[in-house]
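Here the structure is laid out as structure tokens; the discussion comes afterwards.
The values are calculated or read from the model by the stated rules, or taken from the named source; none is laboratory data. For clarity, every value in this text was computed on a predicted model and none was experimentally measured. Positions of Cβ are backbone-derived with ideal geometry, glycine not excepted, and every protein chain shown enters the neighbour counts.
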Amino acid sequence: MAQTNMLAMILAGGRGSRLHELTSKVAKPAVSYGGKYRIIDFPLSNCANSGIDIVGVLTQYESVLLNSYVAAGGRWGLDTKDSGVFVLTPRERADSGLDVYRGTADAISQNIDFVDAYDPEYILILSGDHIYKMNYDKMLRYHKEQGADATIAVRGVPIREASRFGIMNTDGNGRIIEFEEKPAKPKSNLASMGIYIFTWKTLRKLLVEDMKNPDSDHDFGKDIIPIMLNDGKKLCAYEFSGYWKDVGTIDSLWEANMDLLDSDNELDLDDTSWKIYTEDTGITPQYIASTAKIDGAYINQGAAVGGTVQRSVIFTNCKIAPGAKVIDSVLMPGAIVEEGAVVTRALVAENVRIGKNAKVGEKKSEEILLVAKNVKGED
Amino acid sequence: MAQTNMLAMILAGGRGSRLHELTSKVAKPAVSYGGKYRIIDFPLSNCANSGIDIVGVLTQYESVLLNSYVAAGGRWGLDTKDSGVFVLTPRERADSGLDVYRGTADAISQNIDFVDAYDPEYILILSGDHIYKMNYDKMLRYHKEQGADATIAVRGVPIREASRFGIMNTDGNGRIIEFEEKPAKPKSNLASMGIYIFTWKTLRKLLVEDMKNPDSDHDFGKDIIPIMLNDGKKLCAYEFSGYWKDVGTIDSLWEANMDLLDSDNELDLDDTSWKIYTEDTGITPQYIASTAKIDGAYINQGAAVGGTVQRSVIFTNCKIAPGAKVIDSVLMPGAIVEEGAVVTRALVAENVRIGKNAKVGEKKSEEILLVAKNVKGED
Amino acid sequence: MANKAFGVINSAPNYIRVEGLHDYRPIGAFTFIGRFRVIDFPLSNMSNSGINRIHVYLNSRPRSLVEHIGSGRHYNINSKRGSLQLLFTQQNGANSIYNTDITAYMENLEQLERMPQDYVIVAPSYMVFKQDFQKLLDDHVEAGNDITLLYHKVDQAKEYYRACNVVELNKQKGVQSLTRNMGTAKDKNISMDTYVMSKDLFVALIKKAKRESSAYSFADIIALSCDTLDIRGYQHKGYFAAITSLDDFYRANMELLDYGTAMDFFKQDWPFYTHTTDACPTHYYPGAKVVNSLVCNAATIEGTVENSIIGRHVHIGKGAIIKNSIILSYSDISDGTYIENAVIDKWVKVKNVKKIVSESVTPAYIKRNDVL
Amino acid sequence: MANKAFGVINSAPNYIRVEGLHDYRPIGAFTFIGRFRVIDFPLSNMSNSGINRIHVYLNSRPRSLVEHIGSGRHYNINSKRGSLQLLFTQQNGANSIYNTDITAYMENLEQLERMPQDYVIVAPSYMVFKQDFQKLLDDHVEAGNDITLLYHKVDQAKEYYRACNVVELNKQKGVQSLTRNMGTAKDKNISMDTYVMSKDLFVALIKKAKRESSAYSFADIIALSCDTLDIRGYQHKGYFAAITSLDDFYRANMELLDYGTAMDFFKQDWPFYTHTTDACPTHYYPGAKVVNSLVCNAATIEGTVENSIIGRHVHIGKGAIIKNSIILSYSDISDGTYIENAVIDKWVKVKNVKKIVSESVTPAYIKRNDVL
């Protein structure tokens, strides 16, 4: 594949504490989604489909699973002669001790040598916990056409919600003239998606300065972007309009799963021209027993359904026994619902077992119930 | 490939300070050797050839190069569905902060979750900086036959040198009855090679206890092995008799390279039944010009020789200009020797350029000269 | 770990012909329960048995198998230490009497003779079963047989297995004859065309077969050697299918709709590997009704599916009813269609025809790419 | 990044025959300067040009190429987004007049028509050169040609390139004719059998060729279309070799012994990828004498080598002298042998014969596996 001369760095450090027990053993980007995927499959597949060859994944929190998941770059075809996915954790160096990443920018700063080794012209900074499909190559072409120093992907949000986001105010030509973090009175509805393309030489200089600055939070949004705007650098906004979801909470993760039950859902995982690649096991097809009743579902291979499933997303290797009911719920890989159990408006974590006749979740609950531990059954 | 049920962990943390500038940007196991290899290729290839599927590489020092080198497990064929090479660095966890590895045993302790994920029956502990070919599967069979709790690979050393090593004293049946670290009066000549097979359940228990012990150095040799001996566990010695070299110093690294010029050298890298796999680039064959004179050499593809080479090891992409001389030396990848320059008894580091007519190294020097920086030429 | 044996996977003999499906690919490339290809089973058996040097013989239309097998990484074959070698034959008249396994072996004799292993395990690419070949090899070596032959006891030899060979055994399990199944009785021992022997004997038998007749197959020379060699039968138990006719193919798939049979066959400790395609999960629309079926990923189901196997990317329209059928990948069954007892090949579009039913045991077969 | 073009790599036409070497493998599988295979060059050109969907056509003896190409990872083809597809033909009489590229395309028309790209770049597997196909495509699109054809100006068309086609161009580089090189003049424009056009035109021309004659090749239908289509020539510069005879093969290798030519051809910014084998470095014993030669890894050299190409795992014994020769992998030249102007195929053992010399331009050829 031809080198596009852009290297991608995915910030995957997030502990994602609002996802509670789902992230107690797994970094947020490794959380399951959509019947068979993990969240980080989205930026990684986008990279592969955009022709990016080298991807660094920056992490410091519970990296074993993420590490072993990501390091096999073959899942995204990124294991050819000159391509690869590399997990970058904080490390000890000849000139300094072992240090954590102090912020999004610092994570890149600490890996300047990694980036330099590939000598890219551009660098793409991504977040590991968003669900969307995006052609970064198109964004790069826009960056080049504009002759920008940095290009930031933005999406329109309802103006009444704009004060919850980092808002980019642009001139008529897409150039960013102002950046406001959660403005009380937003002047535009273009929210930053946390996706940046920088011309590497420019960013590198700024990062070296930022490392030395004791007052900096070492953050792209708080430090680097404002400095660039102050310096009169050319920052451009690249508008994106497809499906996009930040799955930071149990409710939003559940919602994002439920979106897949919509036959017109914009994410369109069935589109073979922009596949989302993931760990794909050679498991049996889904087995739907004679006792099953399925009324709206998104089910992955390896699942066995003997009971009732209504408006639910069922992952690999889930088992729903005859007589069990799963309603408005998400069952993560290997979850088991035994005979007579009823699961309603819940998100059942990996390998959790809902025992016989147990009832979890409520039809009218406001929040989605996270079931992270086995639930004992009743005989 | 059938699971042998043994997982390997390679301790690759060594800063190797006696290798001076060679390790200022590269962890010791990533140092070049033998015309095309890196030291860590040896344990990794041994693992692949012994049918081990999962290899953890433990590192905390300058891991970028090592990381990107090792993570592409395909070099050793370890990138099939259920195999992989995983770089394990210290990481932040829900229950503790970011911590360095405190010792060889601690490096494993901090990755108990990684090992557990594969649920192996046995664990093989290796060092990343030895050059040798060894069938770990045979060693495992010995471990099983003996019904041992731990098996330690040993090799016979001249008895007068034995006091420099960790010596294993055994009964008649291979069982270790005593372990002495650098004994003044050695009772045997069986030196530990730092290669261990443990029954994982047994080791796991000991590691958990060791982590809590404030007096421990968290080291296999100093802490774990003595405790096992005290507890009356069955430890066995597995004798190894092939080529083995610890390349901890410039002199020993040079020597190990020179060994390859011996037509009977025991390491026998040409043996296709036990290949050492490494990064193999699709570069041109070696080009030997009409002006070249070669008198005893070990040369890798991609090298171009226009001058004189005597008893030397020449790595990938080295260039020796017409009229230059390289004698009793090792040129690491990309080293360039310009016209009229003479290199004698030296080890020239990666990409170092020896300028026109420069002279480096001496025929009668006792120690080998390490040339880690460009040497200016004279017109 | 160097295994003492290498594996050989051969193609179906020239007299086996599966109506319809066979026009487009060799049997090894047939889709099985919508997700696997038949060749995944022998390959996984070998890989799981620790055999990491495997020769796969391909004859006509090799493209789909070459793509499916690829580098063998998905079969857990270490690409450096092991190898999965694809071997071709020039003799491409698939039905020609010269198109035998012996011809294929002779054309690749140099590759065969260069293998460093002492033993060979030969298995067919047109049968589906689970077998630990390491165990078979250990048994073979311990017993000191010349050849060990795997067989399966069946009780439907009259209706099925008609292109297979039948083994007659003496009390000591010695093979006394190997002859074509003529359907003369229900109960027969069917040869699974799977053999263990030393590499040297294998090569010697190939050369001998070649000398005796240009039309001999390996099974023929085995049959002729019953008197002179110590050939012993080894009984296989569990699920077994020989994909030697459309009926056999259909029945073999349908049998795995039985949950117990399927669970016994697909076990975690003996995975069957396949080439995966990153297909998304399957979408069941409100109003869909699915029972007793195996459904692959990326299907879209709006209608009714009973006792059937639905392949990847299949669409079942609203009000459509699928019964006792196998629908292969990418086929599109439009609203209101009724299909019963049929095998629908890939990329079929059932648009105008509203009913496809076979009344006989033999299922209806709809050709690849057809628009109906 | 989805490229607008997919690539097609075709095999040599049935009338091209390289004496000796060709008996064992197709030209694409020939070893080149000891290390590469001829097909590495078109594949690397495509990969470097950002083309990641490639069809490679194989006809007779596909094994070595299938193994060499493998999954395409070593050519930097992303295995998920891209694909390197191997396509076979049933028509295996390599010299049959029916064995044309058109026959091969027709047999795989379904695969061809399913490609989503608008353009196709067709390149041969029996020529060695460096070309940025992206540039060629951009030029083609901008100029608005129907077809762009790559050609090379040579001045040895009398002695070499005898199985190639010659292009006649008008002042505007319009192709006026495409005819077999009859060796009538030194200076000729040799067609590099490399074309850019829209996928639709490609498919239309294939079908047209098939309709007009079962023996037509793609070059034939191009030749016939010179009047009706806007076909323009694009001149290639730099190293160019057409491996169409043993002489051409020998000369093409020897030309790269010139350091300047080699350095101009092998540049870091345009790597040629190949399948690597983890061979150890080469050992030069004291007393060995090597000048002006290309030497591959894992060779053991005790004797003298001049103006030659030494393959992997070759052994040159004490006192042996090799001049102006190409020794392919695994061959063993024993002590005191004299070899001049020869091509020694793989796995040869020169033991008893002490002298192999060809006095003519055409080198001596020693067969694979021979013991002399």
### Task
With the checklist (1) closer than 24 Å to A:A303 by Cα; (2) free of Cβ contacts under 8 Å to residues at least 40 places away in the same chain; (3) in contact with a Gly (Cβ under 8 Å, 6 or more places away or on another chain) in hand, flag the one item C:T276 doesn't pass.
(2)
### Query
Residues of the stretch B:22-31 being surrounded by 24 or more Cβ atoms within 10 Å (Cβ to Cβ) and either within 11 Å of another protein chain (Cβ to nearest Cβ) or part of a strand (DSSP E or B) (or both), which ones?
B:A27
### Top-ranked residue in the stretch D:151-187 [being at pLDDT below 95 and of a type in the set (K, R); ranked as farthest from the chain's Cα centre (by Cα)]
D:K171
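Yes or no, residue by residue, for (1) surrounded by 19 or more Cβ atoms within 10 Å (Cβ to Cβ); (2) farther than 24 Å from A:Y243 by Cβ; (3) in the same structural domain as A:V55 (by TED's automatic domain parsing); (4) small (G, A, S):
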position	(1), (2), (3), (4)
A:I123	yes, yes, yes, no
A:K138	no, no, yes, no
A:H143	yes, no, yes, no
A:T151	yes, no, yes, no
A:R160	no, no, yes, no
A:R164	no, no, yes, no
A:K187	no, yes, yes, no
A:V208	no, yes, yes, no
A:M211	no, yes, yes, no
### Task
Pick out the one residue from C:Y15, C:Y24 that is more than 14 Å from chain B (Cβ to nearest Cβ), in contact (Cβ under 8 Å) with a residue 12 or more places away in the chain and under 22 Å from D:L58 (Cβ atoms).
C:Y24
### Task
Among the residues of the stretch A:47-77, write down those that are surrounded by 24 or more Cβ atoms within 10 Å (Cβ to Cβ), more than 18 Å from A:T281 (Cα to Cα) and within 11 Å of chain D (Cβ to nearest Cβ).
A:C47, A:A48, A:N49, A:G51, A:I52, A:D53
### Task
Look through C:V175, C:V154, C:V141, C:V166 and report the one residue that is crowded, with 23+ Cβ neighbours inside 10 Å and among the aliphatic types (A, V, I, L, M).
C:V175
### Among the candidates D:N48, D:N14, residue that is closer than 19 Å to D:Y273 by Cβ and not hydroxyl-bearing (S, T, Y)
D:N48
### Query
Can you pull out the residues in the stretch D:301-323 that are under 25 Å from B:D262 (Cβ atoms), in contact (Cβ under 8 Å) with a residue 40 or more places away in the chain and in a loop (DSSP other than H, G, I, E, B)?
D:G311, D:R312
### Qualifying residues in the stretch D:66-82 (those that are surrounded by fewer than 23 Cβ atoms within 10 Å (Cβ to Cβ) and either among the hydrophobic types (A, V, I, L, M, F, W, C) or more than 7 Å from chain A (Cβ to nearest Cβ) (or both)) - the one farthest from the chain's Cα centre (by Cα)
D:S71
### Message
Taking the criterion of being without any contact (Cβ under 8 Å) to a residue 24 or more places away in the chain and at the interface with another protein chain (Cβ under 10 Å from one of its Cβ atoms), would at least one residue in the stretch C:245-255 satisfy it?
### Response
no
### Task
Report, ordered by the first and then the second residue, all pairs with beta carbons closer than 7 Å, sequence separation of six or more or different chains, a first member in the stretch D:208-222 that is surrounded by 15 or more Cβ atoms within 10 Å (Cβ to Cβ), and a second member that is in a loop (DSSP other than H, G, I, E, B).
D:A209/D:Y216; D:A215/D:I97; D:A215/D:Y98; D:A215/D:T100; D:Y216/D:T100; D:S217/D:P13; D:S217/D:T100
#### Entry: Any chance C:F129 is of a type outside the set (V, I, T), modelled with pLDDT of 90 or more and surrounded by fewer than 22 Cβ atoms within 10 Å (Cβ to Cβ)
yes
### Query
Has the stretch C:279-287 got any residue that is touching a helix residue (DSSP H, G or I) at 6+ places or on another chain (Cβ under 7 Å) and either over 27 Å from C:D132 (Cα atoms) or within 9 Å of chain A (Cβ to nearest Cβ) (or both)?
no
### Message
Checking B:S365 against (1) hydroxyl-bearing (S, T, Y); (2) more than 11 Å from chain D (Cβ to nearest Cβ); (3) in a strand (DSSP E or B), only one condition comes out false. Which one?
### Response
(3)
### Query
If you check D:I51 against the conditions, is it in a loop (DSSP other than H, G, I, E, B) and in contact with a strand residue (DSSP E or B) (Cβ under 9 Å, 6 or more places away or on another chain)?
yes
#### Entry: Among the residues listed as A:I294, A:I288, A:I283, the single one being facing chain C (nearest Cβ under 7 Å) and closer than 24 Å to C:F36 by Cα
A:I288
### Query
Does C:R17 qualify as being basic (K, R), more than 16 Å from B:K81 (Cα to Cα) and touching a strand residue (DSSP E or B) at 6+ places or on another chain (Cβ under 9 Å)?
no
### Task
Please find, within the stretch C:5-27, the residue that is surrounded by the most Cβ atoms within 10 Å (Cβ to Cβ) out of those that are assigned to a loop (DSSP other than H, G, I, E, B) and touching a Leu at 6+ places or on another chain (Cβ under 9 Å).
C:S11
### Query
Assuming A:P43 fulfils every condition listed in (1) under 15 Å from B:V87 (Cβ atoms); (2) out of contact with any helix residue (DSSP H, G or I) (no Cβ under 6 Å at 6 or more places or on another chain); (3) surrounded by 24 or more Cβ atoms within 10 Å (Cβ to Cβ); (4) not aromatic (F, W, Y) apart from one, which condition is it?
(1)
### Query
On the given criteria, is C:R61 part of a loop (DSSP other than H, G, I, E, B), of a type outside the set (S, T, Y), out of contact with any Phe, Trp or Tyr (no Cβ under 6 Å at 6 or more places or on another chain) and at positive phi?
yes
### Query
Quick one: which of A:G334, A:G340, A:G377, A:G323 is in contact with a strand residue (DSSP E or B) (Cβ under 9 Å, 6 or more places away or on another chain), within 28 Å of C:C280 (Cβ to Cβ) and assigned to a loop (DSSP other than H, G, I, E, B)?
A:G334
### Task
Please state which of the following conditions B:K356 fails to meet, knowing it meets all the rest: (1) in contact (Cβ under 8 Å) with a residue 40 or more places away in the chain; (2) over 19 Å from D:L294 (Cα atoms).
(1)
### Task
Could you tell me which residue of the stretch B:297-327 is surrounded by the fewest Cβ atoms within 10 Å (Cβ to Cβ), considering only residues that are β-branched (V, I, T) and more than 11 Å from chain D (Cβ to nearest Cβ)?
B:I327
### Query
What is the residue count in the stretch D:28-55 for residues that are of a type outside the set (F, W, Y), more than 14 Å from chain A (Cβ to nearest Cβ) and either crowded, with 24+ Cβ neighbours inside 10 Å or more than 23 Å from D:I221 (Cβ to Cβ) (or both)?
10
### Task
Report yes if D:V203 is in a helix (DSSP H, G or I), in contact (Cβ under 8 Å) with a residue 40 or more places away in the chain and over 30 Å from D:F266 (Cα atoms), otherwise no.
yes
### Query
Looking at the stretch C:58-68, is at least one residue at pLDDT 95 or above and over 21 Å from C:S331 (Cα atoms)?
no
